[in-house]
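Engineer: Would you mind keeping the following structure in view while I ask a few things?
The values are calculated or read from the model by the stated rules, or taken from the named source; none is laboratory data. What you are looking at is a predicted structure, and each value in this text was computed from that prediction instead of being measured. Ideal geometry is used to build each Cβ from the backbone, glycine not excepted, and the neighbour counts take in all protein chains shown. Just the protein is used for accessible areas: all its heavy atoms, side chains included, with ligands, DNA and RNA removed. Shrake-Rupley method; radii C 1.70, N 1.55, O 1.52, S 1.80 Å.
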Amino acid sequence: MTYTMAEAYCGFVGKRLPSEREWEYIARGGSEQRLYSWGDNDPTDKISCYMHVGGSCEVGSYPAGAFGLFDVSGNVWE
């Protein structure tokens, strides 16, 4: 999916993509200012889709991070 496709879908359902500032806020746990969405521990294959041989991982394969959100970071190369 491309940014344009995601933006079009959000518009279709009456929503929008988060701004960069909003995404950073949720990705760092809000006022907690975590290093990663799951906390301050370095990424491993036990807590995120890190160094996954098969490319991306199935959605929701790892524990939720801040705000109960899954897959905020670490599923595909950014």
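Engineer: Identify all residues within the range 1-38 that are open to solvent by less than 90 Å² (accessible area, probe 1.4 Å) and over 13 Å from the mean Cα position of the chain (by Cα); write none if there are none. Lay out the reasoning, then the answer.
Structural biologist: Here is the first cut: in the range 1-38, the residues open to solvent by less than 90 Å² (accessible area, probe 1.4 Å) are 2, 6, 8, 10-11, 13-14, 17-19, 22-24, 26-30, 34, 36-38.
Residues satisfying the conditions are T2, A6, A8, C10, G11, V13, G14, S19, G30, R34.
Engineer: Do the conditions hold for S48, that is, is it out of contact with any His (no Cβ under 7 Å at 6 or more places or on another chain), of a type in the set (S, T, Y) and not in a loop (DSSP other than H, G, I, E, B)? Steps first, answer last, please.
Structural biologist: Details: out of contact with any His (no Cβ under 7 Å at 6 or more places or on another chain): yes; of a type in the set (S, T, Y): yes; not in a loop (DSSP other than H, G, I, E, B): no.
No, not satisfied.
Engineer: Does V53 meet the test of being of a type in the set (A, V, I, L, M), under 22 Å from T2 (Cβ atoms) and in a loop (DSSP other than H, G, I, E, B)? It would help to see each step written out before you state the result.
Structural biologist: On the way: of a type in the set (A, V, I, L, M): yes; under 22 Å from T2 (Cβ atoms): no; in a loop (DSSP other than H, G, I, E, B): yes.
Against the criterion (of a type in the set (A, V, I, L, M), under 22 Å from T2 (Cβ atoms) and in a loop (DSSP other than H, G, I, E, B)), V53 does not qualify.
Engineer: Continuing with this model, one more query. Does the range 47-62 hold any residues that are under 17 Å from Y36 (Cα atoms) and either loosely packed, with under 13 Cβ neighbours inside 10 Å or small (G, A, S) (or both), and which are they? Can you show your working first?
Structural biologist: Start the filter on the range 47-62 by keeping residues that are under 17 Å from Y36 (Cα atoms), which leaves 47-51, 60-62.
Selection gives S48, M51, G60, S61.
Engineer: Does the range 43-53 contain at least one residue that is β-branched (V, I, T) and touching a residue at least 24 places away in the same chain (Cβ under 8 Å)?
Structural biologist: Initially, the range 43-53 is screened for residues β-branched (V, I, T), giving 44, 47, 53.
Remaining after also requiring touching a residue at least 24 places away in the same chain (Cβ under 8 Å): none.
No, the range 43-53 has no match at all.
Listed here are the residues, each with its yes/no results for (1) at pLDDT below 85; (2) among the hydroxyl-bearing types (S, T, Y); (3) touching a Leu at 6+ places or on another chain (Cβ under 8 Å).
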residue	(1), (2), (3)
M1	yes, no, no
E7	no, no, yes
R16	no, no, no
E24	no, no, no
W38	yes, no, no
H52	yes, no, no
A66	yes, no, no
S73	yes, yes, no
